[in-house]
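Working notes, structure below.
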Amino acid sequence: MAARISLTLDSTDAQVLAAFWKTALGYIDEPPAPHSATREEFDLPEDEPPEHGVWLCDPDGVGPFLSILNVPEPKTAKNRLHIDIRVPGHGSPDERWARIRAEAARLVQAGGKVLEEVHWQHVVMADPEGNEFCVAATSA
């Protein structure tokens, strides 16, 4: 059996970054662990965001978990690891490129920023805190 992974992003505002990545990936808040079924068991009010971070998961259980942790310092250098968001790769090159650009436009509306378009291949983007990621197509 392959190991499951979790990716962790440092953030100065985990709530803002979590909202972006939920939109980008279709993720949801990770459900509480079985031994702690509700926030009340931790004395956390429903309307108060977690102080230290946000934990997200793929609702289908396929993708990696995503932890977004609050840290005091802002991002200062290029990522050494980045996320690729893949759109369907079927169809002509024009159709694939149109899907890549449409997804990039959707993510700009969610707070992302286009850094570079590598025509016909991928779009390099940044999330609201400057973490780089790419939008590309899957294999045809």
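Whose amide H sits under 5 Å from the amide H of GLY89, counting only residues 5 or more places off or on another chain, with H placed in the peptide plane?
Result for GLY89 returns THR138.
Do the sum for the chain: with -39,500 (n - 2.57) for every DSSP H run of n ≥ 4, divided by all residues, what is the mean residue ellipticity at 222 nm, to the nearest 500 deg cm²/dmol?
On the way: 2 runs with 29 residues, N = 140.
Taking each H run of at least 4 residues, the total per residue is -6500 deg cm²/dmol.
If the elastic network links every pair of Cα atoms under 10 Å, which of ILE100, ILE28, ILE83 fluctuates the most in the Gaussian network model of the chain?
Sorting by GNM fluctuation, first place goes to ILE83.
Please give, to one decimal in nm, the separation of the simple spin-label points placed at THR23 and LEU115, each 7 Å out from Cα toward the Cβ.
The two pseudo-label positions are separated by 1.9 nm.
Longest segment of the chain with no GluC sites (Glu not before Pro) in a DSSP loop having at most 16 other Cβ atoms within 10 Å? If you can, show how the numbers build up before the last one.
Numbers: sites that count: GLU46, GLU51.
My reading of the result: 52-140 is the longest stretch.
Filter the chymotrypsin sites (Phe, Trp or Tyr not before Pro) in segment 79-140 down to the DSSP loop ones having no more than 12 other Cβ atoms within 10 Å, then list what survives.
Values: sites: TRP97, TRP120, PHE133; in loops: TRP120.
Sparse-neighbourhood loop chymotrypsin sites (Phe, Trp or Tyr not before Pro): TRP120.
For ALA140 and HIS82 in one chain, what is 0.36 nm times their gap in residues minus the Cα-Cα distance, to one decimal in nm?
On the way: separation 58, 0.36 × 58 = 20.88 nm, distance 2.23 nm.
Length difference between fully extended and current span is 18.7 nm.
Would you grab the residues whose amide H sits under 5 Å from the one on GLU30? Only those 5+ places off in sequence or on another chain, please, with H modelled 1.01 Å from N.
Excluding prolines and chain starts, which carry no amide H, the hits are TRP55, LEU56, CYS57.
Where does helix 93-109 land angle-wise versus the long Cα axis of the chain, in degrees 0 to 90, nearest 10?
40
Specify the longest stretch of the chain that does not include any exposed loop site, a site being one of the trypsin sites (Lys or Arg not before Pro) with a non-H, G, I, E, B DSSP assignment and at most 10 other Cβ atoms within 10 Å. Write out the running numbers ahead of the final one.
Values: sites that count: ARG4, LYS78, ARG80.
The longest such stretch corresponds to 5-77.
Bear in mind these aren't lab numbers, they're just calculated from the coordinates by the rules spelled out. Source: prediction; values computed, not measured. With ideal geometry, Cβ positions are generated from the backbone for all residues, glycine too; neighbour counts draw on all protein chains shown.
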